[in-house]
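Notes follow the structure.
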Amino acid sequence: MSDSRFFSVKGPFKIRELARIGRASLHRDVNLDQLIYDVASLNSAGPDDVSFIDNQIYLEDFKRCNAGACVVHPDRVGLAPKSMSVLESKEPYLSYARIATAFYPSLDESLDIERPLTSQIHPTAKIGKDLKISAGAIIMQNASIGNNVRIGPNAVVGPGVIIGNDCYLGATSSVFYCIMGNGVRLYAGARIGEAGFGFAKDRSGFQTVPQLGRVLIGDYVEIGANSTVDRGSGPDTVIGAGCRIDNLVQVGHNVRLGENCIIVALAGIAGSTELQNSVTVGGQVGIAGHLKIGEGVQIGAQSGVMRDIKSGERVGGTPAVPIRQFFRQAATLKKIMREKDKK
Amino acid sequence: MSDSRFFSVKGPFKIRELARIGRASLHRDVNLDQLIYDVASLNSAGPDDVSFIDNQIYLEDFKRCNAGACVVHPDRVGLAPKSMSVLESKEPYLSYARIATAFYPSLDESLDIERPLTSQIHPTAKIGKDLKISAGAIIMQNASIGNNVRIGPNAVVGPGVIIGNDCYLGATSSVFYCIMGNGVRLYAGARIGEAGFGFAKDRSGFQTVPQLGRVLIGDYVEIGANSTVDRGSGPDTVIGAGCRIDNLVQVGHNVRLGENCIIVALAGIAGSTELQNSVTVGGQVGIAGHLKIGEGVQIGAQSGVMRDIKSGERVGGTPAVPIRQFFRQAATLKKIMREKDKK
Amino acid sequence: MSDSRFFSVKGPFKIRELARIGRASLHRDVNLDQLIYDVASLNSAGPDDVSFIDNQIYLEDFKRCNAGACVVHPDRVGLAPKSMSVLESKEPYLSYARIATAFYPSLDESLDIERPLTSQIHPTAKIGKDLKISAGAIIMQNASIGNNVRIGPNAVVGPGVIIGNDCYLGATSSVFYCIMGNGVRLYAGARIGEAGFGFAKDRSGFQTVPQLGRVLIGDYVEIGANSTVDRGSGPDTVIGAGCRIDNLVQVGHNVRLGENCIIVALAGIAGSTELQNSVTVGGQVGIAGHLKIGEGVQIGAQSGVMRDIKSGERVGGTPAVPIRQFFRQAATLKKIMREKDKK
């Protein structure tokens, strides 16, 4: 059960409703009118809760689980406790995501303080309907804000920035030189549109190159806490629709991300590199500049990528090589070590 | 001597007082009433200062040191200059920490501007005694603040958050969905309680999973500048009492840190991983999700941890192996290289 | 052409002026009075634009380029399209930087909202001429601000801090315990002067060591978005003139950077390490504490440096070795692998 100090739950829902919401199928012996009041994890769920199992390592928790209902993959249905109403789904985590969203349709971290005294909207800014603006938030000159936008405490929207509908800007985040689609979510402290790392060597030091591009952010993108996305140097930096960027990620100037890319925490993508659609970048990965990473590529955590990668490849290591080769290298090395040690 | 523009020093203290404060022992020929006015490093200390030596590489500085007094390990007492009053301690850095704290009992980075015009406390928030709140700071609805809390400029305390006594929230830090003990210190820009990186793949993109847990922070925890600690997805994210987290560290949702763990800068800990008490995580280390890291484990800088680690082990490398094996691997590899080069 | 919503362009300039500004030479058949209105990238430039080529991989774009003028290295002049006025320079990127700066002399991300309602300057602070302060910005007690300083929205200048002339503090950045030269630029969310990671082990936990040093920042330094530079523990942390620090970089206490060092994103430098002049540190590099890195050293991306490095060396890998050795190791290893695989 979530902490009512922070979260307010909708419901209850009947099992039959949850099946529809989660696009799951039910078994004959289930009571379709059984009421479910909340979501919970396997080891804390009780008879009024719905849970899910999606990871092998929690199998023992599943077998002992007291949840009233649970989203389960067909292969594991046989292991369910008898007391449990099984919601069968080939994608249990996705089904759970939909069900949990029904119980908790929106989390209002930045709910405005009624009539904040300290926020400031420039008179030239265009504001859509139903803006919720928190204390200390600032909307600068000529910015344009869509409908149903929430702006967290001490967040900053820079001059001329365009924000679409249904966007959320977390506490103390800042956005400059940016055109943002609908449903975009910036987490606290995200920095969008700062100048890229561009300078030329001078005799006595460095000469800054004016950074004249923007950041274009597609619909439903999420950008994590304290992550940084620099604006382009002339071309734009582009974050394709649906991308999910974790915390503390660096995206350099002129980078182009296709749709639905995943970038895990502490990864860095250097300037002018292009990722096509559905690329997954592991935590702490570094990708050099001016590269092309093909569609659906998966890059293992901590890898260093220094060359183009073709669509569909899985790579790992530094420098990154196909994942099979990476594992074979490791195995061969281990074998050599063992032989050497014997001598 | 510290810069009086920024720091104000207490004292002077007599040598006998410093010995008591630092739990150090004195030698017979020391003048117990000698006055010491400040702390200083070995190479800048003068006759009115107390210094310390704790690292082999500063031994030459120590031999030439002009400090009036110095905290010294018993093994090095013989190398002390004659002019120096020796404070003997088996833990010189700890003794020095106590002595320096006596000279500088509290550093008030965020001392309030008297009557800040721009801070904003929601009427429903509960505020303890002696709150010092800086300009631009925001305390949102239903938050609860203990006694003697200092809140830095432009910091944000989210709805319903509980802050214990004697806490310090640095400039522009933000805290949401969090229950915090006593004596906790957040550095500037730390982000506590943002939603974790949780989503399921959908046909057309990703479906966000509502993150319904909290962040529980134990007593005397410190969390560094621009570090991020996500709230749990259902279970809580837990930071045990006494943990020290450096700058730019990522702690994923549902992570559980035991007591007195040390996490050095730019390290990342993925979701649902558990660290038992007194684990040390080096800089830029990555730890995968759903792992158990035993008590007292030490993980070398830049390592990648992909499996559980037993209590007391020291590991290094990617994938991380016991440190002896890591060094043996490196040595063997070097030997192989050398032989190969000769051929 | 840049987006006029965000950028306002000066000019036009005659070709002869651009040659002078960019310190480039012109060929006889060029029309010296030809007017150029803007800068543009090779693949988007038209007859009114000036572009540049500095990277082999854009050679095809160059051959097909429609720019009215282009900055070109002497070796590539022969490949220029006939329609193009060639500005010949041995340092094309530097020449372009100067020319682009003439078109866009200053980018005012943080242009003040006229008469911000919510900024707050403490009465004891000393303010120079022509301060531009944005909404929500805070200048605390006894701070001293030079002439022509711009302070972004929600930025914080701590007590006693000294800011030189012509400095720029990005949105939500914070500066404490710092003395800053002229022309310094902090990007959004940079954290200067927080306490370093200094504590001693106690029986029951850790004892914090008061951090009594400052951060000294030389002229024309730039520090990237969400980067962190801790103040010294007693000695100062020093950032030499002209250094360029990228986003999400960690600089520990007592670190000393010489002049004109480059530190790329997500790198971390541990406490008390010294970099001499003109050191280049690649992305995600880690450098251990108490080391000396000589003048002009170049450290490859993701390397781990655990020993001193002599001036002029280029190193790579973990632990970092001279770059030739690094590449030879990789080649030898590959050879061994291949032989082993055959067996």
Item to check | Failed item in (1) in contact (Cβ under 8 Å) with a residue 40 or more places away in the chain; (2) at the interface with chain C (Cβ under 9 Å from one of its Cβ atoms), with A:ASP219 passing the rest | outcome: (2)
Next on the checklist: Among the residues in the stretch C:70-85, are any touching a Ser or Thr at 6+ places or on another chain (Cβ under 6 Å), part of a strand (DSSP E or B) and at negative phi?
Outcome noted: yes
Item to check | Of residues in the stretch B:196-213 being farther than 15 Å from A:VAL39 by Cβ and at the interface with chain A (Cβ under 8 Å from one of its Cβ atoms), the one surrounded by the most Cβ atoms within 10 Å (Cβ to Cβ) | outcome: B:PHE197
Next on the checklist: For the stretch A:72-82, check the following and say yes or no: at least one residue is closer than 30 Å to A:ALA137 by Cα, more than 10 Å from chain B (Cβ to nearest Cβ) and surrounded by fewer than 20 Cβ atoms within 10 Å (Cβ to Cβ).
Outcome noted: no
Item to check | Test result for C:GLY312, at pLDDT 95 or above and among the small types (Gly, Ala, Ser) | outcome: yes
Next on the checklist: So the check is Cβ under 8 Å with 6+ separation or different chains; which pairs have a first residue in the stretch B:315-329 that's part of a helix (DSSP H, G or I) and a second one that's surrounded by fewer than 17 Cβ atoms within 10 Å (Cβ to Cβ) and not hydrophobic (A, V, I, L, M, F, W, C)?
Outcome noted: B:ILE323/B:ARG314; B:ARG328/A:ASP341
Next on the checklist: Among the residues in the stretch A:234-242, are any under 20 Å from A:SER173 (Cα atoms) and either touching a helix residue (DSSP H, G or I) at 6+ places or on another chain (Cβ under 8 Å) or aromatic (Phe, Trp, Tyr) (or both)?
Outcome noted: no
Checklist outcome for this item: Within the stretch C:1-37, residues being under 23 Å from C:GLU91 (Cβ atoms), buried (at least 16 other Cβ atoms within 10 Å of the Cβ) and either of a type outside the set (Asp, Glu) or not assigned by TED's automatic domain parsing to the domain that holds C:VAL86 (or both) number 12
Checklist outcome for this item: The one condition B:LEU59 fails out of (1) farther than 30 Å from C:ALA143 by Cβ; (2) of a type in the set (A, V, I, L, M); (3) in contact with a strand residue (DSSP E or B) (Cβ under 8 Å, 6 or more places away or on another chain) is (3)
Checklist entry - Looking only at residues in the stretch C:291-302 that are in a loop (DSSP other than H, G, I, E, B) and farther than 25 Å from B:GLY304 by Cβ, which one is nearest to the other protein chains (Cβ to nearest Cβ)? => result C:GLY296
Checklist outcome for this item: Checking B:THR118, B:THR124 in turn, the sole residue that is touching a strand residue (DSSP E or B) at 6+ places or on another chain (Cβ under 7 Å) and in a loop (DSSP other than H, G, I, E, B) turns out to be B:THR118
Next on the checklist: So for the stretch B:131-148 (the condition being at the interface with chain C (Cβ under 9 Å from one of its Cβ atoms) and of a type in the set (Ser, Thr, Tyr)), does at least one residue qualify?
Outcome noted: yes
Checklist entry - In the stretch C:47-58, is there at least one residue being surrounded by 22 or more Cβ atoms within 10 Å (Cβ to Cβ) and of a type in the set (Ser, Thr, Tyr)? => result yes
Item to check | Qualifying residue in the stretch C:19-33 (condition: among the hydroxyl-bearing types (Ser, Thr, Tyr) and either over 17 Å from C:ARG98 (Cα atoms) or assigned to a loop (DSSP other than H, G, I, E, B) (or both)) | outcome: no
Next on the checklist: So, in the stretch A:301-315, exactly how many residues are buried (at least 21 other Cβ atoms within 10 Å of the Cβ) and farther than 27 Å from C:GLN56 by Cα?
Outcome noted: 2
Checklist entry - Name the residues in the stretch B:275-309 that are small (Gly, Ala, Ser), more than 16 Å from the chain's Cα centre (by Cα) and farther than 16 Å from A:GLY300 by Cβ, would you? => result B:GLY294, B:GLY296, B:GLY300, B:ALA301
Next on the checklist: Taking the condition of being surrounded by fewer than 24 Cβ atoms within 10 Å (Cβ to Cβ), more than 10 Å from chain A (Cβ to nearest Cβ) and not in a loop (DSSP other than H, G, I, E, B), how many residues in the stretch C:229-287 meet it?
Outcome noted: 4
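Residues are listed down the side, and each one gets a yes or a no for (1) within 30 Å of B:ILE262 (Cβ to Cβ); (2) within 10 Å of chain B (Cβ to nearest Cβ); (3) crowded, with 23+ Cβ neighbours inside 10 Å:
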{"site": "C:GLN120", "(1), (2), (3)": "no, yes, no"}
{"site": "C:ILE151", "(1), (2), (3)": "no, no, yes"}
{"site": "C:GLY158", "(1), (2), (3)": "yes, yes, yes"}
{"site": "C:ASP166", "(1), (2), (3)": "no, no, no"}
Item to check | Among the residues listed as A:SER2, A:SER89, A:SER85, A:SER95, the single one being in contact (Cβ under 8 Å) with a residue 24 or more places away in the chain, hydroxyl-bearing (Ser, Thr, Tyr) and more than 28 Å from B:THR273 (Cα to Cα) | outcome: A:SER85
Checklist entry - C:SER51: within 14 Å of chain A (Cβ to nearest Cβ), of a type in the set (Gly, Ala, Ser) and over 23 Å from A:ALA200 (Cβ atoms), yes or no? => result no
Item to check | Selection status of A:ASP61, assigned to a helix (DSSP H, G or I), within 14 Å of chain B (Cβ to nearest Cβ) and either more than 27 Å from A:LYS132 (Cβ to Cβ) or touching a Cys at 6+ places or on another chain (Cβ under 8 Å) (or both) | outcome: yes
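The values are calculated or read from the model by the stated rules, or taken from the named source; none is laboratory data. None of the values given here were measured: they were computed from a predicted structure. For neighbour counting, all protein chains shown are included, and Cβ atoms are generated from backbone atoms with ideal geometry for every residue, glycine included.
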